[in-house]
Amino acid sequence: MIYLDYQATTPLADEVAELVDSAGRRFWANPSSPHMAGMRSQEAIEGARRKMVRLLGCRPRELFFTSGATEANNWVISMVPASPEHHIVTTSIEHKSMLDACRAFQRGGGDLTVLPVDNNGFVSPGDVERAIKPTTRLVSVMAANNEIGSVQPITDIAAVTAGAGVPLHSDATQAIGYLIEDLTEFPADLISFSSHKLYGPKGIGALYISDKFQTSNKGVPSLLHGGGQEGGKRPGTQNLPAIVGFAKALELSRSGLTAERSRVIQLKNMFLDLLRSHHPDIVANSPEKLCLPNCLNIRIPGMDAGELMSAVPQVAISAGSACNSNDQQPSHVLIAIGLSADEARSSLRIGFGRATTPEEASDAAMAISAAVSRMRAS
């Protein structure tokens, strides 16, 4: 199989897998237990946290471990009580975990504005500014889209929200591994991200909550009720092996980052050029500029994406977000950028990653091209 679905998830790095296994064997005691074995487990967690904050440029008290970015996104929305006096602004191409949480906020009585995007998937900072009201309590704009790869103008949006005194949240799940190296250079007050998009274990993520946000809100509202873990804000026995693996995965993502960005861009361009050499009518839904280096979304006129994927079982690709794989509705992201339902259903997402070779990219393009030719001829 040629795996080209890196936006959905990444394979566990060997070094991470070894560390996760070792940590599970060495630090099996409950980190909250008062005895020596428990304290060793707690130190392993805090050591991982210290490693991550060094890499991210933040403080230990600003980083909270969660079960993933979905939980972190829901936590952020839960910080705004649902009432007509509280307003949230977000965009039409957010991950479903954000949009669904915002819709729940709205059903509970909250005031919600969902901003449109242009044909390349970009939200206008001007639209953000116009949407902010005196009652606005949060603006949430993802760093980079998980389906088409659009990289949002977060710096410009942050200038707008800061000027209005409104906290900015960003789902940076797709961006941490390729675009964001230092959180001090990424001006959001709250940032969600996840391990399994970084070649780390599943079931572990994080929410960065800035000191500024914590101070202005007189602390952090708790996600759950229970024990005192994660400063009492996200209680429950921590997933120690996954946390340790998360830190290692983040560390590995920093090694050769510039070269890897360049490499996957070259793979993406080669793949698209090869496809278009056989089928010139193929359209890129992803923006040419300001796009995730490894993300490509294409539209093949007249093709049904599901049927095409079945015709190339040796190539692992998708027709949209993995969270919507059982949903028969067209991608909300593709509809938001102006595609018709039929155009959205003829679109494929291809993601390149560390293990992708030029030969695999070429073979995948040829396999898809041949399948398109067969289906068009039938």
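Couple of notes before you dig in:
- Ranking by accessible area, most exposed first, for ARG254, ARG354, ARG49, ARG40 with a 1.4 Å probe: ARG40, ARG354, ARG254, ARG49
- Legend: distances between Cα atoms for LYS218/LYS289; LYS51/LYS133; LYS96/LYS202; pairs beyond 30 Å are LYS218/LYS289; LYS51/LYS133.
- Solvent-accessible area per residue, Å², over the chain with all protein chains present [probe radius 1.4 Å]: 42 Å²
- Pairs of Cα atoms nearer than 8 Å and 6+ residues apart set the relative contact order; for the range 150-253 it is 22 percent.
- Potential extension, HIS278-THR9 segment - 0.36 nm per residue separation minus Cα distance: 93.9 nm
- Euclidean distance of C-alpha centroids, the range 1-41 and the range 75-118, integer Å: 33 Å
- Per-pair calculated FRET efficiency, R0 = 45 Å: HIS35 and THR184 via Cβ, rounded to 0.05: 0.75
- Residues considered: PRO34, PRO60, PRO187. Largest GNM mean-square fluctuation over the chain, using C-alpha springs under 10 Å, is found at PRO34.
- FRET efficiency for the ASP363 to LEU257 pair, using the beta carbon distance and R₀ = 25 Å, is estimated at 0.40.
- The chain: C-alpha gyration tensor shape, a/c 1.5 cut-off, then a/b vs b/c: oblate
- Amide H contacts of SER33: none lie under 5 Å away among residues 5 or more positions distant or on a separate chain (H built 1.01 Å from N in the peptide plane; Pro and chain starts excluded).
- When Rg and the Kirkwood Rh are both derived from Cα coordinates, the Rg/Rh ratio for the range 1-60 amounts to 1.12.
- Rounded to the nearest 10 square angstrom, GLU43 shows an accessible area of 90 square angstrom against a 1.4 Å probe.
- The range 157-257: C-alpha gyration tensor shape, a/c 1.5 cut-off, then a/b vs b/c: oblate
- For the range 260-378, the calculated P(r) over all alpha carbon pairs, in 5 Å bins from 0 to the bin holding the longest distance, is 2, 11, 23, 25, 21, 14, 4, 0, 0 percent.
- Relative contact order %, the range 282-378, counting alpha carbon pairs below 8 Å whose residues are six or more apart: 35 percent
- Where LEU296, LEU179 fall by accessible area, highest first, once all protein chains stay in place (1.4 Å): LEU179, LEU296
- Surface composition of the chain: carbon and sulfur make up 52 percent of the accessible area, probe 1.4 Å.
- Area accessible to solvent at CYS291, 1.4 Å probe radius, in Å²: 20 Å²
- Between the range 131-153 and the range 160-196, the alpha-carbon center distance in angstrom: 10 Å
- In the complete set of protein chains, residue-level accessible area for GLU343 is approximately 70 Å², probe 1.4 angstrom.
- The modelled label-to-label distance for the pair MET1/THR237, using points 7 Å beyond Cα in the direction of Cβ, is 3.2 nm.
- Fraction of antiparallel bridges per DSSP, the chain only, in percent to nearest 5: 55 percent
- Overall, the anisotropy analysis places the range 164-222 in the oblate class: the square-rooted eigenvalues a ≥ b ≥ c of its C-alpha gyration tensor yield a/c not less than 1.5, with a/b not exceeding b/c.
The values are calculated or read from the model by the stated rules, or taken from the named source; none is laboratory data. Here the structure is a predicted model, which means the values were calculated and not measured. Quick reminder, even Gly has a Cβ in these numbers, built from the backbone with ideal geometry, and neighbours come from all protein chains shown. Side chains are part of the model used for accessible areas, which takes the heavy atoms of the whole protein and leaves out ligands, DNA and RNA. Shrake-Rupley method; radii C 1.70, N 1.55, O 1.52, S 1.80 Å.
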